[in-house]
């Protein structure tokens, strides 16, 4: 199973905010730091805000922050919200579907995958906050204001 780029970007944005929880992040800041498309990232941030994962503020001094503590945001919830279709195969239009048990097996596998993700929060994914902060600071277009001295531990 492979997650979409949308989900990848969503998880990166959220983990970034866990590491830098005291400031508002901006789309240009994150897009530049990670080398992501601003247009695509804008859609991701908007979608995360619609799902209640982010709080956004427009205008001067605007940006976005986590809507809830990282301990209260499950990785499974983010993946469910960000993935348009969790089907591993398109069994609906298959000629052998009436006699094939594969669709049930794949559905069970998808449910097990999501159950594992439900057991972890953003806080779990960012357990090594100081290590993440160092890596973010070392990105080619590092995020201004994030240094090892101010990174959460």
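Read-outs: derived from the displayed coordinates by stated rules, not from any lab. Quick caveat, the model's predicted, so the values are computed rather than measured. Every residue, glycine among them, receives a Cβ derived from its backbone with ideal geometry; neighbour counts consider all protein chains shown.
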*What is the fewest-to-most order of 128, 85 by other Cβ atoms lying within 10 Å of their Cβ?*
85, 128
*So if R0 is 25 Å, what FRET efficiency would residue 93 and residue 139 give, r being the distance between their Cβ atoms, rounded to the nearest 0.05?*
0.05
*Going by how many other Cβ atoms sit within 10 Å of their own, how do 44, 79, 20 line up, fewest first?*
79, 20, 44
*97, 80 arranged by Cβ crowding within 10 Å, fewest neighbours leading*: 97, 80
*asked:* Based on alpha-carbon atoms only, what is the radius of gyration of region 95-140 relative to the globular estimate 2.2 N^0.38 Å?
replied: 2.03
*asked:* Report the gain in length on full extension from residue 86 to residue 56: 0.36 nm times residue separation, minus Cα-Cα distance, nm rounded to one decimal.
replied: 8.0 nm
*Using Cα-only point scatterers and the Debye equation, what is log10 of I(q)/I(0) for region 1-152 at each q in 0.13, 0.17 Å⁻¹, rounded to two decimals?*
-0.64, -0.97
*In nanometres, what is the gap between the two model label sites at residue 102 and residue 68, each 7 Å from Cα along Cα-to-Cβ?*
3.7
